[in-house]
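Just below is one structure, and these are the notes that go with it.
The values are calculated or read from the model by the stated rules, or taken from the named source; none is laboratory data. Here the structure is a predicted model, which is why all the values come from computation and not from measurement. Note that we place each Cβ from the backbone using ideal geometry, even for glycine, and neighbour counts take in every protein chain shown. Just so you know, the surface numbers come from the protein's heavy atoms only, side chains and all, with ligands and any DNA or RNA stripped out. Shrake-Rupley method; radii C 1.70, N 1.55, O 1.52, S 1.80 Å.
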There are 2 protein chains.
Amino acid sequence: MLSGQRVEELRTPAFTVDLDVVKRNVQQMTERFRALGVSLRPHMKTHKTLEGGDLMTGGSRRRIVVSTLAEARFFADGGFDDILYAYPLPFDKVAECAALAEKLESFHVLVDSPEALALLKRRPLHQGKRWKVWLKIDCENNRAGLRHTDPAALELAKAIATGSTELAGVYAHCGNSYHCQGVPEIQSVAQTTTKLVLQFTEKLQKEGVPCPVASIGSTPTCSHPVPEMAQLHEVHPGNYIFYDVQQTMIGSCQLKDVAVRVLTRVIGHYPHRNQLLVDCGWTGLSLHSLGQLPTGYALVDGHPDLKLVGMTQEHGRIESITGQLDFAQFPLGSLLALIPYHACATAAMHPVYYVCIKGQVVATWKPIKGW
Amino acid sequence: MLSGQRVEELRTPAFTVDLDVVKRNVQQMTERFRALGVSLRPHMKTHKTLEGGDLMTGGSRRRIVVSTLAEARFFADGGFDDILYAYPLPFDKVAECAALAEKLESFHVLVDSPEALALLKRRPLHQGKRWKVWLKIDCENNRAGLRHTDPAALELAKAIATGSTELAGVYAHCGNSYHCQGVPEIQSVAQTTTKLVLQFTEKLQKEGVPCPVASIGSTPTCSHPVPEMAQLHEVHPGNYIFYDVQQTMIGSCQLKDVAVRVLTRVIGHYPHRNQLLVDCGWTGLSLHSLGQLPTGYALVDGHPDLKLVGMTQEHGRIESITGQLDFAQFPLGSLLALIPYHACATAAMHPVYYVCIKGQVVATWKPIKGW
């Protein structure tokens with residue numbers, strides 16, 4: 001534990017989380033959907049920590065989404081329940097899913113193929129418990145899921161709703177909102193996804209298939225919901241706990257809402273090529289953004305004229321966008337704070353997060369890794 | 001421990017290491033420099049494991065390079081000694097470096113500025129021990145180091161060689177060999193770097209500054225050394241323990257020399273867009289290659305017509321390069337093996353490596369993370 005330290009004393013590179021900003025982000029998302037009358041099932045994949053999950057669920061430790069089996073087990077062991085493993089059921093993990101389904105009050109799995117459903121049917125749960133199964137449908141996102149127009153989706157829903165499995169919900173991820181620029185484009189994706197999911201659940205109802213929950217999600221759409229989303233039962237965004245530069249560019253949030261930084265120190269001055277080196281490479285930041293930001297791989301907090309032009313494993317190269325670097329402004333050993341392009345990716349590089357209030361470390365959070 | 005399992009039984013995504021290939025890679029590099037009469041100081045940054053270090057040092061656990069303080073402490077705690085922390089001395093880590101220098105027989109640090117040297121002078125080691133300090137020079141690589149032509153480099157070498165510090169060596173990293181294509185280009189970089197480093201150490205000698213060791217390194221140059229390298233004292237490559245697709249493209253090795261894979265399973269078929277999904281996203285592979293390979297983000301072992309066109313956090317999207325995918329060839333749940341573009345980057349995403357001989361898991365290795 002390093003509580004009580006000033007952030008300036010942290011060994012770099014260090015991933016810091018501003019707790020006040022996190023709490024504000026979480027509160028705003030929670031209130032937004034409380035006002036709409038829609039349940040929030042926050043996704044844990046961005047932070048992967050018990051503490052973050054605690055904040056996102058308002059302390060209930062109930063109703064979450066995870067993307068890996070390692071997360072599912074970690075949160076279950078941490079006292080969480082009502083966990084949705086929102087990933088096309090992997091054929092190698094059925095036994096472990098069954099163990100979780102038998103242990104927890106509510107462990108939900110997700111399928112988008114008859115083959116996956118057949119695996120569940122072949123492994124009924126003990127004591128007559130039924131598998132809670134979500135159907136993943138694809139509403140113009142083009143990743144996992146049966147297309148909402150595909151008759152096979154309806155057939156699969158019916159098959160889920162019989163025997164040892166029950167249809168717990170219909171799930172659509174609007175990852176296509178990550179290609180948006182600005183609120184109108186985000187809301188257009190939100191509207192389309194909502195409409196298509198609800199059309200699908202209406203079709204189900206007409207066929208006499210009960211489906212308790214329709215859920216969509218992504219941080220952009222849930223940051224700017226359209227009124228039609230009030231007809232959904234649940235939403236499942238995740239990144240909003242931290243936000244990041246990418247989200248500011250999409251239009252999900254403003255820069256003041258980004259809760260995370262990578263602190264790094266200047267380790268070299270190279271005036272002959274107008275460049276300084278910092279002690280953060282791709283092991284500390286990831287290569288996301290692919291260097292395509294006007295400021296390279298990240299924003300340098302408070303220094304809009306600096307550009308992180310490249311990284312190797314443990315080195316970052318910083319230049320000025322215009323004119324000569326004023327090296328005296330960045331002495332060897334001085335701190336810079338990088339604002340990550342993609343918080344999920346940057347968090348994934350760190351074994352520990354330093355959680356701060358007003359520049360003081362108040363806690364360390366340890367994320368679960370692996371699968 | 002999962003020893004005894006077949007690799008096909010591993011939960012995916014899984015990072016596998018072919019121990020026979022590792023041993024061959026290590027043996028070839030060792031014999032290559034034994035024949036040249038040059039000491040090998042292998043770099044630990046690619047694998048970051050005690051077991052890998054053991055193999056690369058032929059069991060001596062002596063004479064290694066590391067890139068982070070966390071690695072330095074991990075290997076020191078694991079019984080390694082003669083450790084060179086080949087990174088421009090970070091101003092926040094001097095106390096911890098001093099502790100290692102006092103504990104180990106030989107802990108070496110590296111500087112490329114008078115300011116960093118001044119920090120060492122202000123913290124003399126206990127019992128009259130002198131800091132072993134390497135001077136980093138830049139021989140056309142354009143990352144860290146004083147330029148070999150810069151008079152300040154000579155001045156810094158002289159200052160290192162007095163008082164509580166001693167000049168342990170001159171270090172140049174030929175990272176520019178990563179821009180090469182083919183052996184002649186690699187050897188040209190090797191020749192230039194060797195020549196410039198030796199010119200610099202000759203200048204030192206003329207000025208009466210003793211410098212015991214001249215060292216250069218990078219896996220490409222050390223895979224194809226030029227005869228002039230016999231005049232060096234040490235080389236410090238690292239990636240060669242695993243090699244990767246990038247190294248095959250540079251010309252350092254052949255595909256049969258790449259010891260690592262990421263095993264992944266098919267989790268979805270989407271014939272309407274001629275695509276399948278696998279359970280490996282950027283958390284399992286990294287975004288290195290930036291998707292620029294003809295086969296996308298990786299090679300799919302044994303399937304030259306498959307292209308990993310994109311990844312999100314836990315999903316990879318695979319297409320065929322020509323014509324329609326034969327989905328029957330890749331049933332749901334079946335295994336594919338991705339050959340990573342950059343082994344250092346892919347290894348960095350995994351908390352455990354599955355070490356195999358002929359498809360049988362014989363050990364698990366756990367790398368050190370963080371800084």
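Things worth noting here:
- For region A:339-361, a residue qualifies if it is touching a Ser or Thr at 6+ places or on another chain (Cβ under 6 Å) and either of a type in the set (Val, Ile, Thr) or in a strand (DSSP E or B) (or both), and the qualifying residues are A:Pro340, A:Thr346, A:Val352, A:Tyr354, A:Cys356, A:Val361.
- Search result, residues across region B:314-331 that are among the β-branched types (Val, Ile, Thr) and part of a loop (DSSP other than H, G, I, E, B): B:Ile321, B:Thr322
- Just one of the listed residues (A:Gly145, A:Gly169, A:Gly182) is closer than 26 Å to B:Thr312 by Cα, of a type outside the set (Ser, Thr, Tyr) and within 19 Å of the chain's Cα centre (by Cα), namely A:Gly145.
- For region B:334-360, the tally of residues that are away from every other protein chain (no Cβ under 12 Å), touching a Gly at 6+ places or on another chain (Cβ under 9 Å), over 13 Å from B:Asp244 (Cβ atoms) and buried (at least 22 other Cβ atoms within 10 Å of the Cβ) stands at 1.
- Residue among B:Tyr178, B:Tyr171 that alone is of a type in the set (Phe, Trp, Tyr) and surrounded by 23 or more Cβ atoms within 10 Å (Cβ to Cβ): B:Tyr171
- Applying the set (1) under 13 Å from A:Leu117 (Cα atoms); (2) crowded, with 18+ Cβ neighbours inside 10 Å to A:Ser164 leaves exactly one unmet item: (2).
- Looking only at region B:74-102, residues that are within 17 Å of B:Gly52 (Cβ to Cβ), in a loop (DSSP other than H, G, I, E, B) and within 13 Å of another protein chain (Cβ to nearest Cβ) come to 0 in all.
- Selected residue (criterion: nearest to the other protein chains (Cβ to nearest Cβ)) from residues of region B:60-73 that are in a helix (DSSP H, G or I) and buried (at least 23 other Cβ atoms within 10 Å of the Cβ): B:Glu71
- Among the candidates A:Glu51, A:Glu31, A:Glu105, A:Glu8, the residue that is free of Cβ contacts under 8 Å to residues at least 40 places away in the same chain, touching a strand residue (DSSP E or B) at 6+ places or on another chain (Cβ under 8 Å) and not in a strand (DSSP E or B) is uniquely A:Glu105.
- Of the residues making up region B:28-56, those that are closer than 16 Å to B:Pro227 by Cβ and among the basic types (Lys, Arg) number 2.
- Residue under evaluation B:Leu290, criteria (1) at negative phi; (2) open to solvent by 30 Å² or more (accessible area, probe 1.4 Å); (3) part of a loop (DSSP other than H, G, I, E, B); (4) not small (Gly, Ala, Ser), criterion not met: (1)
- The single condition from (1) open to solvent by 20 Å² or more (accessible area, probe 1.4 Å); (2) more than 23 Å from the chain's Cα centre (by Cα); (3) closer than 26 Å to B:Leu69 by Cα that A:Tyr297 fails is (2).
- Note on region B:316-333: residues that are free of Cβ contacts under 8 Å to residues at least 40 places away in the same chain and either within 9 Å of chain A (Cβ to nearest Cβ) or touching a Pro at 6+ places or on another chain (Cβ under 9 Å) (or both) total 1.
- Of the helices (runs of 4 or more DSSP H) lying entirely inside region A:178-276, those containing at least 2 residues that are over 30 Å from A:Gln329 (Cβ atoms) and modelled with pLDDT of 95 or more are A:183-206, A:219-223.
- The residue that is nearest to the other protein chains (Cβ to nearest Cβ), counting only those in region A:129-151 that are without any contact (Cβ under 8 Å) to a residue 24 or more places away in the chain and open to solvent by 70 Å² or more (accessible area, probe 1.4 Å), is A:Arg147.
- Candidate set from region B:249-280 (those that are without any contact (Cβ under 8 Å) to a residue 60 or more places away in the chain and at the interface with chain A (Cβ under 9 Å from one of its Cβ atoms)); member that is surrounded by the most Cβ atoms within 10 Å (Cβ to Cβ): B:Leu277
- Within region B:205-226, being of a type outside the set (Lys, Arg) and without any contact (Cβ under 8 Å) to a residue 24 or more places away in the chain holds for B:Gln205, B:Gly208.
- Answer residue from region B:4-52, given it is more than 14 Å from every other protein chain (Cβ to nearest Cβ) and of a type in the set (Gly, Ala, Ser) and is farthest from B:Tyr243 (Cα to Cα) among those: B:Gly4
Table: residues versus (1) open to solvent by 10 Å² or more (accessible area, probe 1.4 Å); (2) more than 20 Å from B:Tyr171 (Cβ to Cβ); (3) hydroxyl-bearing (Ser, Thr, Tyr).
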site: B:Pro88; (1), (2), (3): no, no, no
site: B:Phe91; (1), (2), (3): yes, no, no
site: B:Glu96; (1), (2), (3): yes, yes, no
site: B:Glu102; (1), (2), (3): yes, yes, no
site: B:Glu105; (1), (2), (3): yes, no, no
site: B:Val111; (1), (2), (3): no, no, no
site: B:Ala116; (1), (2), (3): no, no, no
site: B:Arg123; (1), (2), (3): yes, yes, no
site: B:Gln127; (1), (2), (3): yes, yes, no
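- Residues (closer than 30 Å to A:His47 by Cβ and surrounded by fewer than 24 Cβ atoms within 10 Å (Cβ to Cβ)) located in region A:316-332: A:Arg317
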